[in-house]
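Structure, as structure tokens:
The values are calculated or read from the model by the stated rules, or taken from the named source; none is laboratory data. As the structure is a prediction and not an experimental result, all values here were calculated from the model. Neighbour counts run over all protein chains shown; Cβ positions are idealised from the backbone, glycine included. Ligands, DNA and RNA are stripped out before the accessible areas are found, and what is left, the full protein with its side chains, is counted by its heavy atoms. Shrake-Rupley method; radii C 1.70, N 1.55, O 1.52, S 1.80 Å.
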Amino acid sequence: MNARLERKLRTFAAVIVIGTIAGLAINLAQGRTSQASMMVGALYGLLMCISIGGVELFVLDGPLRDWLGDLSFTANLFVRSAIYAALIMLIQIFQSGELIVGLPLDNSSQTFWFGFIYSALVSVAMNLGFGIANIIGHRAFLNFVTGRYHSPVEENRFVLFVDIAGSTGLAERLGGVGIHRFLDRTFRVLTLAVVDYRGEVLDYVGDEVIVTWPERGGAIDCRPLRCFGAMRDELQRASSQFEQEFGVVPRIRGSLHFGPVIVGEIGDVKRAIVFNGDVMNTAARLEELSRKVDGGFLASRAAMERFKSDPPFTIRDLGRLPIRGRADGIDVVGIDAPAIA
């Protein structure tokens, strides 16, 4: 089973369990404590989560992902909300919970309008929340809500810098609008691997994307290394689409480092969660050096020593390389892969 399918099935199972419990809790909060009423509440939660969760994970985030991604925020919100509302309203109108349990059905017009209004409000609220979270990042959104980084903290993090090779020449060839579309499409493909390996997109800077993992999560199964390998695989799978639309397939280089960073909220208008520290600077300079090595990837020994399993591909010890800003240089490894020009 691949990482993406495993992640979706795990998420689907969690959504079903949480939805069933939530449906039961809502009925209890309304004073409906009979066994039949509790079964109805649990069934409504179960049915809604199976239908909405299944459509979201395996349709909207599957075959329709690229199409929805090309829509504006408002259009995307409208389409998703309409689909969610239709699913909720069908379950409400047919009174599926009562039907399955065997309770009498209420066929009044009031039931229809309640179902319609409830479906619309819940759908818009859910998708507005998802849309905002997607803009600023789901983990960043959660961290803002919980206030985790309201005061700066120090954390050990894996930091992965990924750069699109040859973007300067591509910009001259494709033009301003063309290179923007090319970068947008490339980053969308790359973030599939980031999500699969539980990374967090910190920022997009020009033709680079910066991804991070907390020490504990990143050390499992060499996730940052596997993420970079999966990024290249995703680009290879999408190569025919890139060739057709842009006449070129993107190639990437990368660097990985590990160490303490200071994480905290900053600013007033457009407040953000930022990462500061020598680790960020070193990772960026390693990415510059990766342009000169076979395989187009460098990882510091500090990062490699934190992994709890063997790397997913062959590693070459490159010894200590001089690096700007560090008098003693840094110990690095490379990977066996075709060179990136």
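If you take the residues in the stretch 192-205 that are in contact with an Asp or Glu (Cβ under 9 Å, 6 or more places away or on another chain) and assigned to a helix (DSSP H, G or I), which one is most open to solvent (accessible area, probe 1.4 Å)? Before you say what the answer is, go through the steps one by one.
First, pick out the residues of the stretch 192-205 that are in contact with an Asp or Glu (Cβ under 9 Å, 6 or more places away or on another chain): 192-194, 196-197.
Next cut, assigned to a helix (DSSP H, G or I) only: 192-194, 196.
Numbers: L192: 38, A193: 0, V194: 5, D196: 20 Å².
Checked the stretch 192-205; the qualifying residue most open to solvent (accessible area, probe 1.4 Å) is L192.
Within the stretch 287-332, count every residue that is in contact (Cβ under 8 Å) with a residue 60 or more places away in the chain and in a strand (DSSP E or B). Give the steps one after another, and end with the answer.
In the first step, residues of the stretch 287-332 are kept if they are in contact (Cβ under 8 Å) with a residue 60 or more places away in the chain; the result is 287, 290-291, 296-297, 299, 303, 306-313.
Cutting the leftovers down to in a strand (DSSP E or B) gives us 297, 299.
Result for the stretch 287-332: 2.
F297 is checked against (1) in contact with a Ser or Thr (Cβ under 7 Å, 6 or more places away or on another chain); (2) open to solvent by 20 Å² or more (accessible area, probe 1.4 Å) and fails just one. What number does that condition carry?
Condition (2) is where F297 drops out.
Filter the stretch 118-143 for residues that are closer than 15 Å to V274 by Cα, among the aliphatic types (A, V, I, L, M) and within 12 Å of the chain's Cα centre (by Cα) and give the result.
Residues satisfying the conditions are I136, A140.
Of the residues that sit in the stretch 59-81 and are touching a residue at least 12 places away in the same chain (Cβ under 8 Å) and open to solvent by 50 Å² or more (accessible area, probe 1.4 Å), which one is nearest to K8 (Cα to Cα)? Spell out how you get there, then give the answer.
First, pick out the residues of the stretch 59-81 that are touching a residue at least 12 places away in the same chain (Cβ under 8 Å): 60-61, 66, 68-69, 73, 76-77, 80-81.
The next check asks that each one be open to solvent by 50 Å² or more (accessible area, probe 1.4 Å); those that pass are 66, 73.
Values: D66: 17, F73: 24 Å.
If we take residues in the stretch 59-81 being touching a residue at least 12 places away in the same chain (Cβ under 8 Å) and open to solvent by 50 Å² or more (accessible area, probe 1.4 Å), then D66 is nearest to K8 (Cα to Cα).
Note down all Cβ pairs under 7 Å where the first residue falls in the stretch 218-246 and is more than 22 Å from V159 (Cβ to Cβ), the second is assigned to a helix (DSSP H, G or I) and not polar (S, T, N, Q), and they're at least six residues apart or on different chains.
Hits for this filter: A238/V189; F246/L174; F246/F182.
Against the definition (among the aromatic types (F, W, Y) and open to solvent by less than 50 Å² (accessible area, probe 1.4 Å)), how does F307 come out, yes or no? If you could, list the steps in order and put the result at the bottom.
Details: among the aromatic types (F, W, Y): yes; open to solvent by less than 50 Å² (accessible area, probe 1.4 Å): yes.
Taking the combined requirement at face value, the residue satisfies it.
In the stretch 320-333, which residues are under 18 Å from F297 (Cα atoms), more than 32 Å from the chain's Cα centre (by Cα) and surrounded by 11 or more Cβ atoms within 10 Å (Cβ to Cβ)?
Hits for the stretch 320-333 are R320, L321, G329.
Which condition from (1) exposed (fewer than 13 other Cβ atoms within 10 Å of the Cβ); (2) in contact (Cβ under 8 Å) with a residue 60 or more places away in the chain; (3) outside any helix (DSSP H, G or I) is the one that N107 breaks?
(2)
Identify the residue in the stretch 148-164 that is part of a loop (DSSP other than H, G, I, E, B) and touching an Asp or Glu at 6+ places or on another chain (Cβ under 6 Å) and, among all such residues, is surrounded by the fewest Cβ atoms within 10 Å (Cβ to Cβ).
In the first step, residues of the stretch 148-164 are kept if they are part of a loop (DSSP other than H, G, I, E, B); the result is 148-152.
Those still in the list that are touching an Asp or Glu at 6+ places or on another chain (Cβ under 6 Å) too: 149-150.
Values: Y149: 19, H150: 13.
That would be H150.
Scan the stretch 47-96 residue by residue and report those that are closer than 15 Å to N127 by Cβ, assigned to a loop (DSSP other than H, G, I, E, B) and in contact with a helix residue (DSSP H, G or I) (Cβ under 8 Å, 6 or more places away or on another chain).
D61, L71
For the stretch 147-175, what are the residues that are closer than 20 Å to R198 by Cα and modelled with pLDDT under 90? Explain how you work it out, then say what you get.
Here is the first cut: in the stretch 147-175, the residues closer than 20 Å to R198 by Cα are 148-149, 155-163.
Result: R148, Y149.
What number of residues within the stretch 11-47 satisfy the criterion of being hydroxyl-bearing (S, T, Y), open to solvent by 50 Å² or more (accessible area, probe 1.4 Å) and modelled with pLDDT of 85 or more?
The initial filter retains those residues of the stretch 11-47 that are hydroxyl-bearing (S, T, Y), namely 11, 20, 33-34, 37, 44.
Going one step further and asking which of them are open to solvent by 50 Å² or more (accessible area, probe 1.4 Å), we end up with 11, 33-34.
Remaining after also requiring modelled with pLDDT of 85 or more: 11.
Number of matching residues: 1.
Go through (1) open to solvent by 10 Å² or more (accessible area, probe 1.4 Å); (2) out of contact with any strand residue (DSSP E or B) (no Cβ under 7 Å at 6 or more places or on another chain); (3) touching a residue at least 12 places away in the same chain (Cβ under 8 Å); (4) part of a helix (DSSP H, G or I) and name the single condition H180 misses.
Against the list (1) open to solvent by 10 Å² or more (accessible area, probe 1.4 Å); (2) out of contact with any strand residue (DSSP E or B) (no Cβ under 7 Å at 6 or more places or on another chain); (3) touching a residue at least 12 places away in the same chain (Cβ under 8 Å); (4) part of a helix (DSSP H, G or I), H180 comes up short only on (3).
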